[in-house]
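Structure record follows, encoded as structure tokens.
The values are calculated or read from the model by the stated rules, or taken from the named source; none is laboratory data. These numbers come from a predicted model, not from an experiment. Counting neighbours? That spans all protein chains shown, and the Cβs are built from the backbone with ideal geometry, glycine included. SASA here: full protein model, heavy atoms, side chains in, ligands and nucleic acids out. Shrake-Rupley method; radii C 1.70, N 1.55, O 1.52, S 1.80 Å.
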Amino acid sequence: YIYRMEVISVGTLYYDKDTTPPSISDIRVTSNSEGYEIKCTVSDNVGVTKVSFPTWTNNNGQDDLIWHEGTITGNTAVCWIPRSQHNNEAGVYTTHVYAYDQIGNNSSGGISMKIGTPTSFDVNFILD
């Protein structure tokens, strides 16, 4: 076999490593008897690629920890947290929000909400 290789041009590629994490803001919660929905605004200089919502109830620690994946439309991330996946428990639910960009930078925030009856809740926001 004979192979021929030609070099057309040689250059140096310069780039600035992105170290800016995504931002998370305007966390909103709506609830019904089946669970609750979290919406938040996410933004980043190179684009948000993934938003995760790890959730657990405070009853028995993190025995029911589930990393729910959100959907992103524009700058809005949305995730549905079904009570059925968390033993249908009443009490305090904790959800963190992790946003990731194309480079792998991430940021986090979170909420704690107390669910008494299936339709009542209190929300406390915790942003890191």
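If I ask for residues that are open to solvent by 50 Å² or more (accessible area, probe 1.4 Å), touching a strand residue (DSSP E or B) at 6+ places or on another chain (Cβ under 9 Å) and under 16 Å from Gln85 (Cα atoms), which ones from segment 33-53 would you list?
Glu34, Glu37
How many residues, within segment 73-82, are open to solvent by 60 Å² or more (accessible area, probe 1.4 Å) and either among the aliphatic types (A, V, I, L, M) or in a strand (DSSP E or B) (or both)?
So the answer is 2.
Could you tell me which residue of segment 54-68 is surrounded by the fewest Cβ atoms within 10 Å (Cβ to Cβ), considering only residues that are on the phi < 0 side of the Ramachandran plot and part of a loop (DSSP other than H, G, I, E, B)?
Asp63
A quick yes/no check of all residues on (1) within 30 Å of Ala90 (Cα to Cα); (2) at pLDDT below 95:
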residue: Ile2; (1), (2): no, yes
residue: Val7; (1), (2): no, yes
residue: Gly11; (1), (2): no, yes
residue: Thr20; (1), (2): no, yes
residue: Ile24; (1), (2): yes, yes
residue: Val48; (1), (2): no, no
residue: Asp64; (1), (2): yes, yes
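Right, Thr119: over 30 Å from Lys17 (Cβ atoms), hydroxyl-bearing (Ser, Thr, Tyr), surrounded by fewer than 17 Cβ atoms within 10 Å (Cβ to Cβ) and at pLDDT below 95 or not?
yes
For Gly109, work out the one condition from (1) under 13 Å from Pro21 (Cβ atoms); (2) modelled with pLDDT of 90 or more; (3) surrounded by 14 or more Cβ atoms within 10 Å (Cβ to Cβ) it doesn't fulfil.
(2)
When residues of segment 25-69 are filtered for being touching an Asp or Glu at 6+ places or on another chain (Cβ under 6 Å) and farther than 17 Å from Val97 by Cα, how many remain?
2
Given the conditions (1) crowded, with 16+ Cβ neighbours inside 10 Å; (2) more than 26 Å from Ser23 (Cβ to Cβ); (3) modelled with pLDDT of 90 or more, which single one is not true for Gln85?
(1)
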